[in-house]
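**Q** Pasting a structure below so you can have a look.
The values are calculated or read from the model by the stated rules, or taken from the named source; none is laboratory data. If you're wondering where the values come from, they're calculated on a predicted model, not measured in any experiment. Virtual Cβ from ideal backbone geometry, glycine too; neighbours counted across all protein chains shown.
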Amino acid sequence: MLTKDYIMRMIDTLVKVIERVLHLKEIEDFNGALDEIDKVTKELFGFDRNFINNLSDAQLVKMVSASEVLIAPNCYLLGALFKEEAEIFRLQNQEDTSIELYERALNLFVEGLRNSSAEIEEGHLNKIKGVVDILENESVTIDTEESLFFYYEFTGAYDKAENLIYDLIEYDNKYIENGISFCERLLKKDDNELINGNLPREEIAESLLSLRNKRNS
């Protein structure tokens, strides 16, 4: 119960901060909005934006993973803060910085999805989708492509996941195994789910054969 109450307080704090940040963005007080993000980061995690921005995503996840129960909510909260920061820089036409922050938001959101044992709330998924919609047409890092692949499979967009696995393989053949595992997982699903994911069973079987041949070549 203590952990659940703690998580609810964290989320309540985040909601209130986002409301204040939204107001500050509307009046174009971008420095004030960044200050709000800085304050809540210190309040929730004990360190400021500058410290966070100098850590890798993996280092951040490790820092907030003292309790397995809190990995998912902590990653979600950090992802939400990165998303808000990205939007502030986007409004200032600082696109490169904005995209980098959106990527970090997605990577943390996905880490939260990977570690969540509970059903994900629709509002949280909508927030993640907003970031995906921005990034899927951008040139992103290989880590972000991996996050997009996980997200597409997680949300049942199997056709997009399949397209992305071939992009990953072009980068490094080690992703052939990921593609094979992906196809094998899909073949265990029923036909209706595959059709809803725009990837029919026959196409999956063809991809699996192709990937196995590629692995053995």
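**Q** Among the residues in segment 69-76, are any in contact (Cβ under 8 Å) with a residue 12 or more places away in the chain, within 21 Å of the chain's Cα centre (by Cα) and over 15 Å from LEU108 (Cα atoms)?
**A** Pass one, segment 69-76, residues in contact (Cβ under 8 Å) with a residue 12 or more places away in the chain: 69-76.
Adding the requirement that they be within 21 Å of the chain's Cα centre (by Cα) leaves 69-76.
Going one step further and asking which of them are over 15 Å from LEU108 (Cα atoms), we end up with 69.
Yes: one or more hits.
**Q** Among residues belonging to segment 110-149 that are part of a helix (DSSP H, G or I) and among the hydroxyl-bearing types (Ser, Thr, Tyr), point out the one that is nearest to the chain's Cα centre (by Cα). Please lay out each step first, then the result.
**A** Applying the first criterion (part of a helix (DSSP H, G or I)) to segment 110-149 yields 110-114, 122-135, 142-149.
Filter once more, so that each one left must be among the hydroxyl-bearing types (Ser, Thr, Tyr): 144, 147.
Details: THR144: 8, SER147: 6 Å.
Of everything passing the filter in segment 110-149, SER147 is nearest to the chain's Cα centre (by Cα).
**Q** Let me ask something else about it. Which members of segment 170-217 meet the condition of being assigned to a helix (DSSP H, G or I), loosely packed, with under 12 Cβ neighbours inside 10 Å and polar (S, T, N, Q)?
**A** ASN192, ASN213, ASN216
**Q** Can you find even one residue in segment 54-65 that is in contact with a Phe, Trp or Tyr (Cβ under 9 Å, 6 or more places away or on another chain), over 20 Å from THR41 (Cα atoms) and surrounded by fewer than 23 Cβ atoms within 10 Å (Cβ to Cβ)?
**A** No, there is no match, as no residue in segment 54-65 is in contact with a Phe, Trp or Tyr (Cβ under 9 Å, 6 or more places away or on another chain), over 20 Å from THR41 (Cα atoms) and surrounded by fewer than 23 Cβ atoms within 10 Å (Cβ to Cβ).
**Q** May I pose another question? Among the candidates ASP159, ASP167, single out the residue that is modelled with pLDDT under 95, in a helix (DSSP H, G or I) and not hydrophobic (A, V, I, L, M, F, W, C).
**A** Exactly one residue qualifies, and that residue is ASP167.
**Q** I'd like to check something: does segment 29-52 contain any residue that is assigned to a helix (DSSP H, G or I), in contact (Cβ under 8 Å) with a residue 60 or more places away in the chain and out of contact with any Asp or Glu (no Cβ under 8 Å at 6 or more places or on another chain)? If you could, list the steps in order and put the result at the bottom.
**A** Narrowing segment 29-52 to residues assigned to a helix (DSSP H, G or I): 30-45, 49-52.
Keeping just the survivors that are in contact (Cβ under 8 Å) with a residue 60 or more places away in the chain gives 30.
Still in the list and also out of contact with any Asp or Glu (no Cβ under 8 Å at 6 or more places or on another chain): 30.
There is at least one residue in segment 29-52 that is assigned to a helix (DSSP H, G or I), in contact (Cβ under 8 Å) with a residue 60 or more places away in the chain and out of contact with any Asp or Glu (no Cβ under 8 Å at 6 or more places or on another chain).
**Q** List the pairs whose first member sits in segment 164-181 and is closer than 23 Å to GLU138 by Cβ, whose second member is at pLDDT 95 or above and among the hydroxyl-bearing types (Ser, Thr, Tyr), and whose Cβ atoms are under 7 Å apart, counting only residues at least 6 apart or on separate chains?
**A** Listed pairs, sorted by first residue: LEU164/TYR152; ILE165/TYR175; LEU168/TYR175; ILE169/TYR175.
**Q** Then there's this: With aromatic (Phe, Trp, Tyr) and more than 20 Å from the chain's Cα centre (by Cα) as the only criterion, which of TYR152, TYR171 stands out? Before you say what the answer is, go through the steps one by one.
**A** Numbers: TYR152 fails: more than 20 Å from the chain's Cα centre (by Cα).
The match here is TYR171.
**Q** Mind telling me which of the residues PHE51, PHE89, PHE45, PHE109 ends up being aromatic (Phe, Trp, Tyr) and either surrounded by 20 or more Cβ atoms within 10 Å (Cβ to Cβ) or outside the structural domain of LEU14 (by TED's automatic domain parsing) (or both)? Full working, then the answer.
**A** Details: PHE51 fails: either surrounded by 20 or more Cβ atoms within 10 Å (Cβ to Cβ) or outside the structural domain of LEU14 (by TED's automatic domain parsing) (or both); PHE89 fails: either surrounded by 20 or more Cβ atoms within 10 Å (Cβ to Cβ) or outside the structural domain of LEU14 (by TED's automatic domain parsing) (or both); PHE45 fails: either surrounded by 20 or more Cβ atoms within 10 Å (Cβ to Cβ) or outside the structural domain of LEU14 (by TED's automatic domain parsing) (or both).
Just one listed residue meets the conditions, PHE109.
**Q** Additional query: Inspect all residues belonging to segment 107-128 and state whether any of them is of a type outside the set (Lys, Arg) and under 23 Å from ASP29 (Cα atoms). Please lay out each step first, then the result.
**A** Taking segment 107-128 first, the residues of a type outside the set (Lys, Arg) are 107-113, 115-126, 128.
Checking the rest, the ones that are also under 23 Å from ASP29 (Cα atoms) come to none.
There is no residue in segment 107-128 that is of a type outside the set (Lys, Arg) and under 23 Å from ASP29 (Cα atoms).
Listed here are the residues, each with its yes/no results for (1) at pLDDT below 95; (2) under 19 Å from VAL131 (Cα atoms).
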site	(1), (2)
TYR6	yes, no
THR13	yes, no
GLY32	no, no
ALA66	yes, no
LEU91	no, yes
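**Q** Name the single residue, out of those in segment 54-65 being among the aliphatic types (A, V, I, L, M) and either assigned to a helix (DSSP H, G or I) or not assigned by TED's automatic domain parsing to the domain that holds LEU106 (or both), that is farthest from ARG9 (Cα to Cα). Please lay out each step first, then the result.
**A** We begin by selecting, within segment 54-65, every residue among the aliphatic types (A, V, I, L, M); these are 55, 58, 60-61, 63-64.
Those still in the list that are either assigned to a helix (DSSP H, G or I) or not assigned by TED's automatic domain parsing to the domain that holds LEU106 (or both) too: 58, 60-61, 63.
Numbers: ALA58: 25, LEU60: 21, VAL61: 20, MET63: 20 Å.
Here the residue is ALA58.
**Q** Output the residues belonging to segment 54-64 that are of a type in the set (S, T, N, Q) and at pLDDT below 85. So that I can check it myself, show each step before the final result.
**A** Residues of segment 54-64 of a type in the set (S, T, N, Q): 54, 56, 59.
Matches in segment 54-64: none.
**Q** Can you confirm whether segment 117-137 contains a residue that is among the polar types (S, T, N, Q), under 28 Å from MET8 (Cα atoms), assigned by TED's automatic domain parsing to the domain that holds LYS25 and surrounded by fewer than 14 Cβ atoms within 10 Å (Cβ to Cβ)? Before you say what the answer is, go through the steps one by one.
**A** Taking segment 117-137 and keeping what is among the polar types (S, T, N, Q), we get 117, 126, 137.
Adding the requirement that they be under 28 Å from MET8 (Cα atoms) leaves 117, 126.
So of that shortlist, the ones also assigned by TED's automatic domain parsing to the domain that holds LYS25 come out as 117, 126.
In the following step, the residues that additionally are surrounded by fewer than 14 Cβ atoms within 10 Å (Cβ to Cβ) were identified as 117, 126.
Yes, segment 117-137 contains a residue that is among the polar types (S, T, N, Q), under 28 Å from MET8 (Cα atoms), assigned by TED's automatic domain parsing to the domain that holds LYS25 and surrounded by fewer than 14 Cβ atoms within 10 Å (Cβ to Cβ).
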